[in-house]
Amino acid sequence: MRKAQRKIQTKRDAQPTQTKRDAQPTQPTQAKTKRDAQPTQPTQAKTKRDAPPTQAKTKRDAPPTPSNTKQEAQLTPTKRDVQRVVEMEKKGDRRNGKAGDPQEIGQLYEVLIHDVSAQGYGVGRDPLGRAVFVPLSAPGDTVRAKVVQQQPRYWQGEIVEVLQASAQRVEPRCRHFGVCGGCDWQHLDPKTQTSAKQQILFETLRRVGKIDLAEVPRISSSAQVWGCRDRARFHVDEHGRLGFFARGSRQHVAISRCPVLHPALQRLVSILREYTPKLLLPLHEICVLAEDSCETMEGSVVSEGSVVSEGSAVSEGSAVSEDSVVSEGSAVVVGAAVSEDSAILEDSAVSKGEQHLFMDICTVSSEGWLSARAEAGVLLSFHLDHAAQSWNAAKWKDAKAEYLGWFERLRAEAVDIRGASLWCETKRIAQWGEEVLRVGEEGVRYRAEGFAQANFRQNQVLREAVRSVVARVSPRHLVEIYAGSGNLSFAVVKECERLLALEGNPQAVEDAQETLRRLREERRLPSVGIDILRFDDRFDRLEDICAKMAMKVDLLLVDPPRRGIAKEMMQQINLLRPPAIVYVSCDPATLARDLHGWIGLGYQLEHLEIVDLMPQTAHLEAVSLLRLSHPRPATRWQS
């Protein structure tokens, strides 16, 4: 007995030195040493970078046994693993598209770009016939691209050199383009961007939705391609710098200017950059929203050719020299004069108290008129980092006082700040000035921290497109889901006898109800029955709410988020079986998926058009109309 116990005890004592778990601490030390050595050993980093494809293939082929841990995956592959990979390459791994093609991270290829993908990447073929996706390339470019991501039948690359530039390529205006993730296509001319969006939707419907259109959909392009974004979300890094996320990651990119922003927001960025980081450091983001207003200035004579740089001042009615060009974002100020052949420097000061308008267009027409935007009212919301939850009462009091002073200073800096709010997580801590901006003829309420389309001008085009499609149906009873704060609800209200708008966000429901109350008080609504209710598609049933409200649905209006309509909601719509559906979508892939499902249930695609709300990006809004042509029994939704 003692002998047996001595054996067990000896084995137990020896176990710590034999287990893999205790042997592992030496492995992270090696990994850390490699990581620390990378800056001085680029060759080693490159070798490490070239190694993962073989490891990934070995890891994919390995059986999911309990011993197959993360630490073991980092170890050098065994001879058996290497031999397996070699044999697979000799036989030809079909998942790589061609027999014998190794995975070549870092390999260079010459690629002719012939198309653009839905993600905004240029698309081409390598010499082996594999599909290649290259960001920042243009159709017609011949580029030398490096493999950075390898997939079974395609790879993603990055441009090493543009061997031959396409005629469709232009010089980007933003110094941060290519690093910042806000824009995809500043290197493409506007006509190419417009046609690319048409082709993207056309091809996505064919490939994903199995829908063959007779022709590419009509598109309402944006006349204004710079200074057109009225909404932005700035992130604040650990140094108190404003910026956006980098392309393809959540890495912070500090910005000094952004030419796609509304000029009032551009001015705001330049002011915020001058502030002490002490005020910005506790924040993790700042949301801004600008109210757009448009005026046409008659009588200004600006001939072709002279250069008036961005941010400079030009008076209303002043004659600028022959051959002049007024750049985007320049301020048109009453009283200033510009002499012949003069150049006004970038960021020229606008005197405090002067009335000024911001330019809309870059190249002034030969007729000599200027289209200008009045400086807009702006809303801000400051969002504190989660660490602020631990602040005591005295700290909160000081913070409110500091940000109130900041708000007052911003209002005095030639920016029309209508209101600002201070937030910690989902709780509003303080509010100064107005809470909302009222936009459009109906005065729909929008908040800086809430959802709004990024381009109010093109949003009006979108609303009119939806109204026109709804008018073709002439519904008596219209139900809208994902109604938001009423952006589309109040655009279509005159086209039906009863409207039921459903939304899940309680703040958006409250704003829509407030707009409805005000319009009724002002007697600006027709004799239409309107109900705006909160609706949670996870728990509430669409069929029950329509029955409770005595709604016989003639038309369903749907404007879902980018992910499309949830499967549970699709089941409910299928049970409701509306005779017509108007579907507004911002994502071609989810649109194609949902249209394919509806067509399978007996609907027919009658109308499809595109509205371009965000130039310089691959983003688009599609408005589609479906009618139930041959009703079938309700079945479970098949996507």
Quiz prompt | Ranked packing of 435-442, 417-424, most packed first, by mean Cβ within 10 Å | solution = 417-424, 435-442
Exercise. Roll a 1.4 Å probe over the protein heavy atoms and report the accessible area of residue 464 in Å², nearest 10.
Key: 90 Å²
Exercise. Decide, for region 147-192, between rounded, prolate and oblate: order the square roots of the alpha carbon gyration tensor eigenvalues as a ≥ b ≥ c, take rounded if a/c falls under 1.5, and otherwise choose prolate if a/b is larger than b/c, else oblate.
Key: prolate
Self-check item: Order by protection proxy (mean Cβ within 10 Å, highest first), peptides 158-170, 594-606
Solution: 594-606, 158-170
Exercise. Consider just the alpha-carbon atoms of region 540-639 and return their Rg together with their Dmax, both in angstrom.
Key: 13.9, 46
Quiz item: Using θ = phi - 60° and the Karplus form 6.51 cos²θ - 1.76 cosθ + 1.60, what ³J(HN,Hα) does each residue of region 513-523 get, whole Hz, x for Gly and Pro?
Solution: 5, 5, 4, 4, 4, 5, 5, 5, 4, 7, 6
Quiz item: How many percent of the accessible area of region 107-205 is carbon or sulfur, using a 1.4 Å probe?
Solution: 48 percent
Self-check item: Segment residue 464-residue 213, length gained on full extension (0.36 nm per residue, minus Cα span)
Solution: 88.0 nm
Quiz item: Label-point separation (nm) for residue 628 and residue 165, each offset 7 Å from Cα along Cα-to-Cβ?
Solution: 5.6 nm
Quiz item: With respect to the cross-link table entries 146/197; 494/548; 146/191; 278/395; 397/427, which display a Cα-Cα separation exceeding 21 Å?
Solution: 146/197; 494/548; 146/191
Self-check item: FRET E, pair residue 510, residue 539, Förster distance 30 Å, beta-carbon r, rounded to 0.05
Solution: 0.95
Quiz item: For region 105-241, what does the alpha-carbon gyration tensor say about shape, rounded, prolate or oblate, given a ≥ b ≥ c as the root eigenvalues, a/c under 1.5 as rounded, and a/b over b/c as prolate?
Solution: oblate
Exercise. With a ≥ b ≥ c taken as the square roots of the eigenvalues of the C-alpha gyration tensor of region 490-561, please select rounded if a/c is under 1.5 and otherwise prolate if a/b is larger than b/c or oblate if it is not?
Key: oblate
Quiz item: Taking 0.36 nm per residue of separation and subtracting the Cα-Cα distance, what length does fully extending residue 416 through residue 404 add?
Solution: 2.8 nm
Self-check item: Two-site label geometry, residue 531 and residue 254: point separation in nm, points 7 Å out along Cα→Cβ
Solution: 5.5 nm
Practice problem: Might you tell me the accessible area per residue for region 524-566, computed with a 1.4 Å probe and given in Å²? | Solution: 56 Å²
Self-check item: Label-to-label distance, nm, for residues given as residue 119 and residue 154 (7 Å Cα→Cβ offset)
Solution: 0.8 nm
Exercise. Order these peptides, 124-136, 445-457, by their mean beta-carbon neighbour count within 10 angstrom, highest first.
Key: 445-457, 124-136
Quiz prompt | Residue-wise HN-Hα coupling along region 436-453, computed from phi with Karplus coefficients 6.51, -1.76, 1.60 (Hz; x: Gly, Pro) | solution = 9, 9, 9, 10, x, 4, 7, x, 4, 8, 10, 10, 4, 8, x, 8, 8, 4
Quiz item: Full extension from residue 427 to residue 599: what is 0.36 nm times the residue separation minus their Cα-Cα distance, to one decimal in nm?
Solution: 57.6 nm
Quiz item: Under a 1.4 Å probe, what is the accessible area of region 148-217 per residue, stated in Å²?
Solution: 55 Å²
Practice problem: Return, ordered by residue number, the residues of region 430-461 whose backbone nitrogen is under 16 Å from a label point located 7 Å along Cα→Cβ of residue 517. | Solution: 435-436, 444-446
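The values are calculated or read from the model by the stated rules, or taken from the named source; none is laboratory data. Since the structure is predicted, the reported quantities are computational estimates derived from the model, not experimental observations. Positions of Cβ are generated from backbone atoms using ideal geometry, with glycine treated the same way; all protein chains shown enter the neighbour counts. With ligands, DNA and RNA removed, areas are computed over all heavy atoms of the protein, side chains included. Shrake-Rupley method; radii C 1.70, N 1.55, O 1.52, S 1.80 Å.
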